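The values are calculated or read from the model by the stated rules, or taken from the named source; none is laboratory data. Being a predicted model, the structure only gives us computed values, none of them experimental. All Cβ positions, even for glycine, are placed from backbone atoms using ideal geometry, and neighbour counts span all protein chains on display.
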Amino acid sequence: MLTRVTPGDHACAAFDSDQQLAEIASDFVADGLVRQEKVCFLDDEGAADAMLRRLSEDLGDVPSYLASGQLAIVPQEATRASFEGPAEELLDVISESITAALDQGLAGFRLTGQLTWAAQRSAGVSLADYDLALDRIWADCPVSVLCPYDTRRLPPGEIEQLRGLHRIELVAPAIFDDGLLRITQSSRFVLRLAGEVDHSNRSTVLGVVESTLDNALRSTERSDEVRLNLTSLRFLDVAAAHQLVQAAEAFPVSHRLVLAGVRPLLQRLLDRCGAAFAPQLVIQGSARP
Amino acid sequence: MIVETRVASPTRLEHRAAIYSALPNLLHLVLSQVQAAADRGEPVALIVEPDVEREVRARFGAAAGLMILPPPEAAARGSGQTVATHLARELRELAGVTGRVSFVMQHEPRLDGTDGAYWTELDAAVNVALADLPITMTCLFPAIAMQPEIDRAVRWNHPQLIESGLPLTNPDHLPPDEVIAAAPAPPLPQLGPAQQRLVFTPWELHAVRAAVADVARRVSLDEQRAEDLVIAVNEIATNAVEYGAGDAEVLLWASLDGLICEVHNTGHLTQPLPGLQPPHPGDPRGRGIWIARQLCDLLHIWNDRDGTHVRIHAIC
């Protein structure tokens, strides 16, 4: 199991929340863009919007990648149509795209997308057959493919079968993911919150912050801060904002709670909850809108 | 350990009422209040009719620190608690700079509504919203307008009544909670059928936020206003499912001037006028409605046999 896909890999990933799909797809796409590869995303059910939003938060200037054609989003209708025709047609299109990308001087080709509809089709070529064929056509090319599978909607047996066709499975572990909010741990005292915090999950957020602080205090690494990356946090309710301020106030004077990538909306809310009166709280604004 | 360094206000709201018979009597009352404030070196904020304003300006000019406050915004009319919120915001800011402020407000008959209950709610809400502010507020009511409701507004809400130029203790004065228990905040006029209706549980607040954001985009609220409105509605919706019984309901209207939202639940408020006072920094409760009130052009809460109802209006 890996957390990154490199050129030549054909990997799969099982996901159980839209936030998780956005995270793994965005990481995969960002890696490809940075490596100067052509990246193609097969959109379905609005997954491209969530992926692009996350990509924008992490990488910045996404419109320029779209404008240059280095990043291509295949609309839902085209995605579905391509899985309804003969497998050869889709594979031919992919082969042509790989050749065109390499001819343009790009370093490679990447393919991913939202494949749930394609996996759930009752007729046509199975995804397993596509996977087997894909491995044949790029044998000697710098091509990477990531196949995400939705564990909420695909039968476990089918996912197991598809897993068996991939040498690599990408994993994106989370401390918490309820579909609304996803908390991942970037390093021991750095957490990333993606999504929304409200009445339904705020007690969990505070619990995670407190346990991370507890770890920082007990650690021999002498870390003096707990950092929450809020770049992808799109909503925080008043009680949660107030709880974060209070959590910071409860920190020992030797430690800081750093909120990084804070959007203007959250900044205004934290201000209204007395953030300025909590010296242990450090707020760093978002560099991107 | 955090040590609060805020300094408590040495004095609190002084709220009194006076009854006037005709324009000369009204002028005399206003001018004497302004003169007394000027003698104490206090700025004076006024909401009075144009004739009185002209006379005060002619007599005192800018020297007395006169400030003419605007009448209630159109969206806030009919909601005494909303007008009290807006007044408190302006007067809190002013008093933070100047110290004690004298505030004179004249009865405006166009705000009476059908029975004048607005004034009972407004003055009760003022007693909550301005309670901790160094404000000397004088409310002026015409004798001819003394409907029973307005008479109650005067007698129940003002600890002092000015008679013959002197503030005298009012024996009929009641705490605001008792006033609202006896004369609940009135419902606002009904709107037509909602354009969108959503029943939600504590786990579906995200759907409420998405629906509000969608209507905010449709009515072209600017981005910051739309974000603030989503926060406000989320707080009210959260309260509805946190303290209400069972599911709650949100109704949405895209109006010509902005967005109107109502949240209904079957629970009943224990605090009749919540969110009018800024919460204590350490108090985890009551902050949501306070912030929501600061973010909206109208936030009106009323109770009836069916439960608790909140209307929010955000103007484009």
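Mind checking which strands (runs of 3 or more DSSP E) fall wholly inside the stretch B:36-120 and carry at least 3 residues that are of a type outside the set (A, V, I, L, M)?
Counting at least 3 such residues, we get B:101-106.
From the set of residues in the stretch A:155-206 that are of a type in the set (Asp, Glu) and assigned to a helix (DSSP H, G or I), which is farthest from residue A:256 (Cα to Cα)?
So, considering only residues that are of a type in the set (Asp, Glu) and assigned to a helix (DSSP H, G or I), the one farthest from residue A:256 (Cα to Cα) is A:158.
If I ask for residues that are under 13 Å from the mean Cα position of the chain (by Cα) and surrounded by 20 or more Cβ atoms within 10 Å (Cβ to Cβ), which ones from the stretch A:140-183 would you list?
Matches in the stretch A:140-183: A:146, A:148, A:170, A:177, A:181, A:182, A:183.
Hey, any hits in the stretch B:272-280 for a residue that's in contact with a helix residue (DSSP H, G or I) (Cβ under 6 Å, 6 or more places away or on another chain), within 14 Å of chain A (Cβ to nearest Cβ), assigned to a helix (DSSP H, G or I) and without any contact (Cβ under 8 Å) to a residue 12 or more places away in the chain?
Looking through the stretch B:272-280, none of the residues is in contact with a helix residue (DSSP H, G or I) (Cβ under 6 Å, 6 or more places away or on another chain), within 14 Å of chain A (Cβ to nearest Cβ), assigned to a helix (DSSP H, G or I) and without any contact (Cβ under 8 Å) to a residue 12 or more places away in the chain.
Please go through (1) of a type outside the set (S, T, N, Q); (2) in contact (Cβ under 8 Å) with a residue 24 or more places away in the chain; (3) over 27 Å from residue B:299 (Cα atoms); (4) loosely packed, with under 15 Cβ neighbours inside 10 Å for residue B:172 and return the number of the only condition it doesn't satisfy.
All conditions pass for residue B:172, except number (2).
What's the number of the condition residue B:200 fails, among (1) in contact with a strand residue (DSSP E or B) (Cβ under 8 Å, 6 or more places away or on another chain); (2) within 14 Å of chain A (Cβ to nearest Cβ); (3) without any contact (Cβ under 8 Å) to a residue 12 or more places away in the chain?
(3)
Report, by residue number, each residue of the stretch A:246-269 that is buried (at least 23 other Cβ atoms within 10 Å of the Cβ) and in a helix (DSSP H, G or I).
Residues satisfying the conditions are A:248, A:266, A:269.
Okay, residues lined up against (1) within 14 Å of another protein chain (Cβ to nearest Cβ); (2) on the phi < 0 side of the Ramachandran plot; (3) modelled with pLDDT under 90; (4) in contact with a helix residue (DSSP H, G or I) (Cβ under 7 Å, 6 or more places away or on another chain):
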residue: A:208; (1), (2), (3), (4): no, yes, yes, no
residue: A:216; (1), (2), (3), (4): no, yes, yes, no
residue: A:221; (1), (2), (3), (4): no, yes, yes, no
residue: A:233; (1), (2), (3), (4): yes, yes, no, yes
residue: A:257; (1), (2), (3), (4): yes, yes, no, yes
residue: A:276; (1), (2), (3), (4): yes, yes, no, no
residue: A:284; (1), (2), (3), (4): no, yes, no, no
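Working only within the stretch B:238-251, note down all residues that are part of a helix (DSSP H, G or I) and over 13 Å from residue A:239 (Cα atoms).
B:240, B:241, B:243
Go over the candidates B:195, B:224 one by one and state the one that is surrounded by fewer than 20 Cβ atoms within 10 Å (Cβ to Cβ), within 14 Å of chain A (Cβ to nearest Cβ) and more than 30 Å from residue B:148 (Cα to Cα).
The unique qualifying residue is B:224.
Working only within the stretch B:256-301, note down all residues that are crowded, with 22+ Cβ neighbours inside 10 Å and of a type in the set (Lys, Arg).
B:287, B:293
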